[in-house]
Every structure is written in C-alpha cells, then in structure tokens.
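Enquirer: Input: one structure, supplied below.
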Amino acid sequence: QVQLVESGGGLVQAGGSLRLSCAASRSFSSINRMGWYRQAPGKQRDMVATVTSGGTTNYADSVKGRFTISRDNAKNTIYLQMNSLKPEDTAVYYCNARVVLSLYWGQGTQVTVSS
C-alpha cells in the first residue's frame with residue numbers, strides 16, 4: 001500500500017505559477033514510477049508528467065516547456081512546478097504511484113487558472 005498526500009493547488013491568473021507536492025508513505029526505492037495526472041470536468045483523466053525510479057521523466061505535449069516534475073528522495077516527495085499557466089490547465093490534479101502492477105492515487109488537488 002502507498003498513501004499519497006497532495007498539496008499546493010489553488011487559484012492563479014493566466015501566466016502565473018504554482019507548485020504541487022505529493023508526499024508518499026513509503027520510500028521511492030520501492031515505487032517504480034510516480035507522476036501527475038489531471039482531470040477537467042467532463043473529460044477523462046490524462047497523464048501530465050511522470051518520473052521513474054531511475055529518474056526518467058515524461059511529459060504530455062501540452063505541458064512540455066512549462067511544467068517540470070522533480071523528486072526529493074529524502075522526503076519521499078515529488079513536485080510539479082507549473083509555469084506559464086493557461087486556463088486550459090484548470091483541472092483536478094492527482095498524484096499517482098505505480099508499484100509493480102498496482103496503482104495508487106492521491107485525493108486530488110484543484111488547480112484553477114483564470115483568464
């Protein structure tokens with residue numbers, strides 16, 4: 001089992017920045033991959049960014065060059081730095097962890113970008 005606790009969402013104007021955090025209840029050494037997904041109203045949940053245990057990152061095309069995923073191994077925490085935010089980035093952002101074939105999700109944090 002992995003418990004994930006997200007924080008850092010909020011309301012920001014277009015062009016602004018936010019940083020999301022996700023703290024995991026176990027060491028990253030036992031987690032294959034962590035990442036961020038988002039779901040806007042009426043839409044499916046989509047991948048935003050992921051980072052593997054080896055440090056390989058992957059981004060959705062829509063956020064490349066604007067968002068950065070990083071991790072702090074000592075704190076078992078990943079971050080999503082979001083810059084140049086757009087109204088279309090508005091969504092609930094979920095932290096995700098994959099341990100072998102099991103997936104775990106955080107409770108989600110709302111990000112709202114006003115135009």
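Enquirer: Could you do me a favour and compute the accessible area per residue for the chain, 1.4 Å probe, result in Å²?
Expert: 51
Enquirer: With Kirkwood's inverse mean 1/r over C-alpha pairs for Rh, give me the Rg to Rh ratio of the chain, two decimals please.
Expert: Numbers: Rg = 13.3 Å, Rh = 14.0 Å.
The Rg/Rh ratio comes out at 0.95.
Enquirer: May I pose another question? So if each residue of separation counts as 0.36 nm, and I subtract the Cα-Cα distance between residue 75 and residue 14, what length gain in nm does that give?
Expert: Answer, rounded to one decimal: 18.9 nm.
Enquirer: Let me ask something additional. How much length would be gained if the chain were fully extended between residue 107 and residue 88, taking 0.36 nm per residue of separation minus their Cα-Cα distance, in nm to one decimal?
Expert: Working it through step by step, the gained length comes to 4.7 nm.
Enquirer: Name the most mobile residue of 46, 61, 89, meaning the one with the largest mean-square fluctuation, in a Gaussian network model of the chain with Cα contacts below 10 Å.
Expert: Its mean-square fluctuation being the largest, the pick is 61.
Enquirer: With a 1.4 Å probe and every protein chain kept in, tell me what percent of the accessible surface of the chain is carbon plus sulfur.
Expert: On the chain, the fraction of accessible area on carbon and sulfur atoms equals 47 percent.
The values are calculated or read from the model by the stated rules, or taken from the named source; none is laboratory data. Only a predicted model underlies this, so the values are computations on that prediction, with no experimental measurement involved. Remember, those area values only see protein heavy atoms, side chains included, never the ligands or the DNA or RNA. Shrake-Rupley method; radii C 1.70, N 1.55, O 1.52, S 1.80 Å.
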